[in-house]
Each structure stands twice: as C-alpha cells, then as structure tokens.
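Novice: Okay, here's the structure, questions in a sec.
The values are calculated or read from the model by the stated rules, or taken from the named source; none is laboratory data. Predicted, not measured: the structure shown is a model, and the values here were computed from it. All Cβ positions, glycine included, derive from the backbone under ideal geometry; neighbour counts span all protein chains shown. The accessibility values were calculated without ligands, DNA or RNA, using every heavy atom of the protein model including side chains. Shrake-Rupley method; radii C 1.70, N 1.55, O 1.52, S 1.80 Å.
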Amino acid sequence: MSTIDKRSAALLIGRQYPGLLLFFRRKVGDAELANDLVNEAVATALEHLNAGRISQPSLIAGYVFRVAMNHWRNHRRKLAARPERTTDPDTIESLAASKEDQDSEEPQLRSEVRGILEELPVRRDRELVRRFYLNEDDKSAICSDLGLAPLHFDKVIFRARKRMRERLEAKGFKKSDFFGLLLLAGFV
Amino acid sequence: MDRKYIDDHHIVARYLADQLPDPEREAFESCYLDDPQLMVELEAAARLKVGLMQLRDAGELEALMQPARPFKRTLRFAAAAAVIVAAIGIVFLFVRGPSASRMLGASSAAFVDRRGDPLPVAGTYTILHARGGYLDAEIDLPAPPATTELRVFPDVEANPPRYRIALSSISEDGKPKLLGDVGDLVAADDGSVRVFLNGERMASGTYQLVVSGDSATSAAGAASTFLIGIRTHGPAPP
C-alpha cells in the first residue's frame, strides 16, 4: 500500500464529507481554526495509516473525524494545544480549495433541510427536529415540553435522518465511494 | 455497542453535540472506525445540523416553524371549497343515507350507496407498529364510492376479545381531533381487529388510530396507538 499525502487526503475528505467539515467550521466559529483542527486530524490519521494502524485507506476518514472531534473537544474544554503539531501550509491550501466546494454545497444543503422540514406535516414535529438537532436539547426535555411520547420522538427523528440519508444517496454517496476516490487517485 | 443501540439512543446526534459520557463516546468511535456506513450517518446528521444553522442564519427557520401563511391557506381553502361544492353534488347524486357522514364502520355493510347496496371494498391494509418509521402505515384511499378494510393488531389482548377503535385527525399543532369510533369489534383468529374506512369525507394527512379493549373487557384501559398517513383521491372535508 502506498502512502497518501496530506493535501490529497484533505481534498478527498473535503469532497466526501463536506457536511462534517462545514459542521466543524460552524461549531468552531472560526474557519481558520477549523482548518487547523482538520489539518491536524489529517496529519494524525496519516501517521496512523503509514504506521499500519489503519488497516484500509477507506477507513481513514473515520480516523480524521475522530481526531478532529477530539481536538474540538479539547479546544472547547480549553485544554492546551499540543505544541508539536503545527499547521502545514500545503494542507491549509488544499482545505481552502475544498472550502469552495463546501460553499457551493451551502444553498443545496439549506434547500435539502428546508424540504425535510416541509415534509413534516405537523408543526410540533418541526419544532422537535429544530430543538434536537439545532438547539441540542435533551430528548426527555423535548418530549416533556411538547407533550410527546418517546416513541413518537424516535419516529420523527428517524424520518428526518432517513430523508437526509436518501438525499445523500441520491447524490451518489455510497460507502464505497471514499475507497473508490482513493483508487482513482492512485493511492492504493 | 451495536447498530440498534446507536439508533435507539440517538448516539450519532448526541456525539455531534458532545453529549456522550466518555465510555459511550469511545465505544461509538470504535464502531464508526470499523463501519464506513456510520460515517454516512455522521455526514447526514452533520448536514442536517448545518442546514438548520443556515436556515436560522438566513431568517428562514422561524417561517418554517409557523403554520402555512394565511394567504396561501386562503387560496388552499378556496380551492378546497370549490372542490367540496362539486363533491357535495356528486355525493348527493350517487350516495345517500346514514353512511354519508361516517368514516368508520364495523363491516363494509355499514356504508351503502343510494340503492342500499354495500360499497365495494377496494383495498385491505394491515396496521402494525412500524419499528423506527414515522408512520405505522401509509394508505392510499380509493376514489369514492368505495371502502378500505384495515386490519389492526392491538398490543394488548382483550378478554373477551372485543375491541373499540377510534379515528382522529392530527392537527397542525399535533393535537388529535376525534372523527369517530366504533365498538364491539371481535378479533379475528389471527388477532387482528377489522374495521372499514369510508374516505369520502377525509383529506390527505396524518391520522391516529387508537385500539383498546371494549368496555367490560380485561383491556378496557389499554390503548394501542398507530399513526397512519392517508392519501385520498376524493374531495377534502369542510
């Protein structure tokens, strides 16, 4: 197995998981810092891959995401960043390039979520989705406030998730795509 | 941690909200490192969250949380009213008698046409709790005059096996509005309780079916609730 360089890995992840990268930008609230987090995560994941700790290149995205989540968590908890990891300008550049792709995703993403909300016939169910996914309120609090049975809550959330997955799949997103992209890029 | 646990406990969304205790978070991370399909779930949840943030920032979210705008609603009501006026004429021409205002019946004979003949049964649907889905069943009602048979499986067995079924519409704010009920229904050998639906006065939308033991049975207070989606080909009700 040949190795993957940071720029290519970041590009592939940016193409395959724009929602997760946008999520980081939104959560962190600082695009540059978000890029740093993802860049560090890519670097760490590549180290694992090159050290043979990741069995298949197709799994690298999961590692990147896990490490990025950990960095974000540490950032939130105001833990000191590890000084040995510095931002690689090449990777930042590649992330900047993928940002254009992500920006082009934004109107489509908004339209998709608008459609999902509009498909919910009951206003209360839209409120449920907003409170769970946007406000990140607890399920029991939402059920109590809206007078919902837990089973109904599960059904509404299941439906929203299913619709979003269907939209992803309609765009051609399949679990093998990431591996396919790696193949096309000549990394395996 | 398996896929059922992840779904049942909304682990993906809680992970993205950083709400999982450390052991649960680590267990979930181990799962998605080995399962690319879970990465798809994460991407879908992240897109949902980001899309909601975008709608909020664009000032669109509040409008989506409101009932339909009055102007649009007025237009819709006007269109519906026009259809209703036409439909009432058709109803008086072709259907007459006590069945016209009823939606639920214990048998297909509960609904008759103007000659007193039972309406034909145009379809049969089985109503069970659908695991994970929003609706327990989606029903395409035939164009009137015709009825649809529903075979509903209650969660609790009544002794003696007599049941009551109530039908309610679900309003914009999620509240059920009782449309009708029918009792003294006897369960079939397979445990299902049969009821017949006359959709000529129903509109497309979400409805609730509640099955309980009839009075003086062991399951008189035990209700099984089902959410059903109905699509009609007939006129909307007033």
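Novice: Compute for chains B and A the buried accessible surface, both sides summed, probe 1.4 Å, and express it in Å² to the nearest 100. Mind dumping the intermediate values first?
Specialist: Details: alone 14330 and 11340 Å², together 19920 Å².
Summed over both sides, the interface buries about 5700 Å².
Novice: Give the calculated FRET efficiency between B:R115 and A:E136 to the nearest 0.05, with a Förster radius of 56 Å applied to their Cβ-Cβ distance.
Specialist: On the way: r = 61 Å, r/R0 = 1.09.
Plugging the Cβ-Cβ distance into 1/(1 + (r/R0)^6) gives 0.35.
Novice: I'd like the residues of segment A:131-151 whose 1.4 Å-probe accessible area shrinks by no less than 10 Å² going from the isolated chain to the full set of protein chains.
Specialist: A:F132, A:Y133, A:L134, A:E136, A:K139, A:L151
Novice: Related question: Could you check how much of the accessible area of segment B:104-232 is carbon and sulfur, as a whole percent, using a 1.4 Å probe? Mind dumping the intermediate values first?
Specialist: On the way: 2770 of 5730 Å².
The nonpolar share, carbon plus sulfur, comes to 48 percent.
Novice: So with the 1.4 Å probe, I'd like the accessible area per residue for segment B:104-232, rounded to whole Å². All intermediate terms of the calculation are to be shown ahead of the outcome.
Specialist: Numbers: 5730 Å² over 129 residues.
With the other protein chains kept in place, segment B:104-232 gives 44 Å² per residue.
Novice: In segment B:1-27, which residues become less accessible by 50 Å² or more once every protein chain is in place, relative to the chain on its own, using a 1.4 Å probe?
Specialist: B:H10, B:L16, B:D18
Novice: Let me ask something additional. Can you list the residues in segment A:26-64 whose accessible area drops by at least 50 Å² when all protein chains are present, compared with the chain alone? Use a 1.4 Å probe, heavy atoms only.
Specialist: A:R26, A:L59
Novice: Just tell me how shielded A:123-129 is by partners: mean number of partner chain Cβ atoms within 10 Å of each residue's Cβ, no decimals. Mind showing how you got there, number by number?
Specialist: Values: counts 9, 7, 4, 4, 4, 1, 4.
Mean number of neighbouring Cβ atoms from other chains: 5.
Novice: Over all directions, average the projected area of the Cα convex hull of segment B:165-238 and note it in nm². Please report the intermediate quantities before stating the final value.
Specialist: Values: hull surface 23.0 nm².
That works out to 5.7 nm², a quarter of the Cα hull's surface.
Novice: Over all directions, what mean area does the Cα convex hull of segment B:104-232 project, stated in square nanometres?
Specialist: Numbers: hull surface 32.0 nm².
With every direction weighted equally, the projected area is 8.0 nm².
Novice: Filter the cross-link list A:K27/A:K155; A:K139/B:K49; B:K49/B:K175 down to pairs whose alpha-carbon distance in this structure exceeds 22 Å. Mind showing how you got there, number by number?
Specialist: Values: A:K27/A:K155 27 Å; A:K139/B:K49 16 Å; B:K49/B:K175 27 Å.
From the list (A:K27/A:K155; A:K139/B:K49; B:K49/B:K175), the Cα-Cα distance tops 22 Å for A:K27/A:K155; B:K49/B:K175.
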